[in-house]
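Taking it in order: structure first as structure tokens, then the write-up.
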Amino acid sequence: MPESPAPIVIARDRFLGVGTITADPLVGALLVRAGFHASSHTEQELGLLDADPGRRYYNLPHCGRSEEIRAASHAAEMLRAARFQVDLDPPLYVGPTTTVTDPHGLQFAGAAILDATDLVAGADNLPAVCDALALVLDEYDGALARLTEFFEVAAEKAHAVGAPLQDFARDFEAAAQLNTQLWERLAEAADATRPTEPTPHDLPPSTAMLAARHSAAVRARAAGAPAVTREPVPLSANHRIAAPLPRPNPTALGGRR
């Protein structure tokens, strides 16, 4: 079985800025389309390690942090759509949901909760409500389970780095415990309200649910997961602006799946 091609790594270099290296002309064309500039020097001329004479360096002009992040995410989106494997440096990620207070989609964790909120708001029957609640209450992959992990890791990091974060280590530990207790109580309530009889799903979904499913489908496609079963439509919730940019690979962010 042939080996998979190496991923295209888009990252920020201390001296060269945001860039990547490739010998593929299609990759180069997509990078240029996203705003990257092809270097006039080869990889060898730049003095990079493991240099290949056929590969060329592409980097972004200095255009400000926000524009660099958006251009890098846009490039990753186009490359993934063309079936290339891309490793995007997490600080260069822009989420698929933006808000007035986060116009560049940098706070993607909170934006994911907005998507879950839309699914709850758009649910028009009890099974749909329970399915939407599971996005937050699922024992393994729900938002509350991940939030507990977040506080646990934050507590460990606070102990490791010392002052001034060390003073907050116990607060993070307490937050993890309280969050776990909250999840247990809410999960119990969700289980109690879940219907035991299957409900037909042949009724047309509401406009709000279609909007929420469209946003969830954008995230699912970017994450490499199967999208929702019904055909999504290009709608967006009133309180946010949809911008179809990719979600990062959870393993690249150090998350546990």
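The values are calculated or read from the model by the stated rules, or taken from the named source; none is laboratory data. All figures in this text were calculated on a predicted structure; none of them were measured in a lab. Heads up, the Cβs are rebuilt from the backbone with ideal geometry, glycines too, and the neighbour counts pull from every protein chain shown.
Here are the numbers for the structure shown:
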quantity: Candidate set: the stretch 42-62, residues that are surrounded by 12 or more Cβ atoms within 10 Å (Cβ to Cβ) and either in contact with a His (Cβ under 9 Å, 6 or more places away or on another chain) or over 14 Å from Thr22 (Cα atoms) (or both); chosen: the one modelled with the lowest pLDDT; calculated: Glu45
quantity: Close pairs from the stretch 104-123: first closer than 19 Å to Arg146 by Cβ, partner part of a helix (DSSP H, G or I) and hydrophobic (A, V, I, L, M, F, W, C), Cβ under 6 Å, at least 6 apart; calculated: Asp115/Ala216; Ala116/Leu135; Ala116/Val136; Asp118/Ala212; Leu119/Ala132; Leu119/Ala212; Val120/Ala132
quantity: So Pro164, is it touching a strand residue (DSSP E or B) at 6+ places or on another chain (Cβ under 9 Å) and either surrounded by fewer than 13 Cβ atoms within 10 Å (Cβ to Cβ) or within 30 Å of Asn59 (Cβ to Cβ) (or both); calculated: no
quantity: The stretch 136-159, residues that are assigned to a helix (DSSP H, G or I), over 16 Å from Gln177 (Cβ atoms) and small (Gly, Ala, Ser); calculated: Ala143
quantity: Long-range neighbours under 6 Å by Cβ, at least six apart or interchain, first residue over 19 Å from Phe15 (Cα atoms) within the stretch 57-84, second in a helix (DSSP H, G or I); calculated: Ala75/Leu31; Met78/Leu30; Leu79/Leu30
quantity: Per-region count, the stretch 79-101, residues buried (at least 22 other Cβ atoms within 10 Å of the Cβ), not β-branched (Val, Ile, Thr) and not in a loop (DSSP other than H, G, I, E, B); calculated: 2
quantity: Residue in the stretch 13-41 that is surrounded by the most Cβ atoms within 10 Å (Cβ to Cβ), counting only those that are among the charged types (D, E, K, R) and modelled with pLDDT of 90 or more; calculated: Asp24
quantity: For Arg65: the one exception among (1) buried (at least 16 other Cβ atoms within 10 Å of the Cβ); (2) over 18 Å from the mean Cα position of the chain (by Cα); (3) modelled with pLDDT of 75 or more; calculated: (1)
quantity: Selection within the stretch 108-124 - surrounded by fewer than 16 Cβ atoms within 10 Å (Cβ to Cβ) and either among the basic types (Lys, Arg) or in a loop (DSSP other than H, G, I, E, B) (or both); calculated: Asp124
